[in-house]
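A short write-up of the structure that comes next.
The values are calculated or read from the model by the stated rules, or taken from the named source; none is laboratory data. Because the structure is predicted, anything quoted here is derived from the model rather than measured. Here the Cβ positions follow ideal geometry from the backbone for every residue, glycine too, while neighbour counts run over all protein chains shown. Heads up: the accessible areas ignore ligands, DNA and RNA and are worked out on the full protein's heavy atoms, side chains in. Shrake-Rupley method; radii C 1.70, N 1.55, O 1.52, S 1.80 Å.
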Amino acid sequence: MSREEDGQRVLDLSGPDNLIYTNIGKNKISDERLKKVDMSDVLTAKGIVQLSHHRGADELIHRSLKELATTESLPFKKFNQNKVYYYILAMSHSLFEAYKNDISYDKISAKAYPNTFRRKLIDFAGEIVEGGRNTTLRIAKEVQEEFDIKELWERCLKPPIVLFTAA
């Protein structure tokens, strides 16, 4: 650690050392909740370091969001329009994740990125046929069998029940 001319201390972070700054262990209510769900190991230095090693997993969510948006830049010049676009993107991503986990859980990996999901479960050939007061979607037999499209449709008609409880 060195000092600048004005006396301000400066950390030399150019080397292989890391600094982990956290508030874990400083809130009694949170600490008790962690202990209650058998996660008291994260209240130790070793547990905090292990959490830090998995921090790259958070970046996978950002990658997934960018893939869902199909671009890395926001489309509008004004902040408010971009804010709305981002909120819609975040809601869409939540729906996408919910669909993977609640509906297509046994058809495609829950870890699949939007491009993979889109390529397999959205971008397949089909034909919409109208007749006899019915509208029918015709899909290739191979796609129907591989992903059991009828089963996915049935699951969509019966979404899982979401319960909200007080914390």
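Working from label points 7 Å from Cα in the Cα-to-Cβ sense, the Lys66 to His54 distance is 2.4 nm. Leaving out same-chain residues fewer than 8 places away, which lysines sit with a Cα under 26 Å from that of Lys28? The reachable lysines, counting only those whose Cα sits under 26 Å from Lys28, are Lys36, Lys46.
If R0 is 25 Å, what FRET efficiency do you get for Ser92 and Asp148 from their C-beta distance, rounded to 0.05? Kindly include the intermediate steps, with their values, before the conclusion.
Details: r = 24 Å, r/R0 = 0.98.
Approximately 0.55, to the nearest 0.05.
Once you mark the GluC sites (Glu not before Pro) that are in a DSSP loop and have at most 16 other Cβ atoms within 10 Å, what is the longest gap between them in the chain? Working shown, then result.
Working: sites that count: Glu4, Glu5, Glu72.
Segment 73-167 is the longest.
The portion of the accessible surface of the range 22-71 made up by carbon and sulfur, rounded to a whole percent, is 55 (1.4 Å probe; DNA, RNA and ligands excluded).
For the chain, what is the relative contact order in percent, using Cα pairs closer than 8 Å and at least 6 residues apart in sequence? Write down the numbers at each step before the final one.
Values: 79 pairs, mean separation 19.0, N = 167.
Here the relative contact order equals 11 percent.
What is the total of Lys pairs in the range 78-124 with C-alpha atoms under 24 Å apart, excluding same-chain pairs fewer than 8 positions apart? Don't jump to the answer; show the numbers that get you there.
Details: Lys100/Lys111; Lys100/Lys120; Lys107/Lys120; Lys111/Lys120.
Lysine pair count for the range 78-124: 4.
The candidate values are (i) 1.09; (ii) 1.55; (iii) 0.97; the one derived from this structure for Cα Rg over 2.2 N^0.38 Å carries the label (ii). Straight-line cross-link reach from Lys141 at under 13 Å between alpha-carbon atoms covers these aspartates and glutamates, not counting any fewer than eight positions away in the same chain: Glu127.
Ignoring trypsin sites (Lys or Arg not before Pro) that are buried or in helix or strand per DSSP, and keeping those with at most 10 other beta carbon atoms within 10 Å, what is the longest stretch of the chain between them?
Working: sites that count: Lys26, Arg55, Lys77, Lys78, Lys111, Arg133.
The longest such stretch corresponds to 134-167.
Which loop chymotrypsin sites (Phe, Trp or Tyr not before Pro) in the range 54-123, with loop taken from DSSP, have no more than 15 other Cβ atoms within 10 angstrom of their Cβ? Spell out each step's value before the answer.
Numbers: sites: Phe76, Phe79, Tyr85, Tyr86, Tyr87, Phe96, Tyr99, Tyr105, Phe117; in loops: Phe76, Tyr105.
Sites meeting the loop and neighbour criteria: Phe76, Tyr105.
As an exercise, identify the chymotrypsin sites (Phe, Trp or Tyr not before Pro) in the range 136-167 lying in DSSP coil whose Cβ has no more than 12 other Cβ atoms within 10 Å. Could the numbers behind the result be given before it?
Details: sites: Phe147, Trp153, Phe164; in loops: Phe164.
Of the chymotrypsin sites (Phe, Trp or Tyr not before Pro), the ones in loops of the range 136-167 whose Cβ has at most 12 other Cβ atoms within 10 Å are Phe164.
If the chain linking Leu157 and Tyr21 were pulled fully straight, counting 0.36 nm for each residue of separation and taking away their Cα-Cα distance, it would gain 44.3 nm. Can you give me the C-alpha center-to-center distance between the range 32-52 and the range 92-167, rounded to a whole angstrom? A separation of 37 Å, based on Cα centres. Considering the zone a paramagnetic label at Tyr85 would reach in this model (a point 7 Å from Cα along the Cα-to-Cβ line), which residues of the range 42-74 have amide N under 20 Å from it? Inside the label zone: 62-74.
Placing +1 on the Cβ of every Lys and Arg and -1 on the Cβ of every Asp and Glu, with no other charges, gives the range 10-123 a dipole of roughly 380 debye about its Cα centre.
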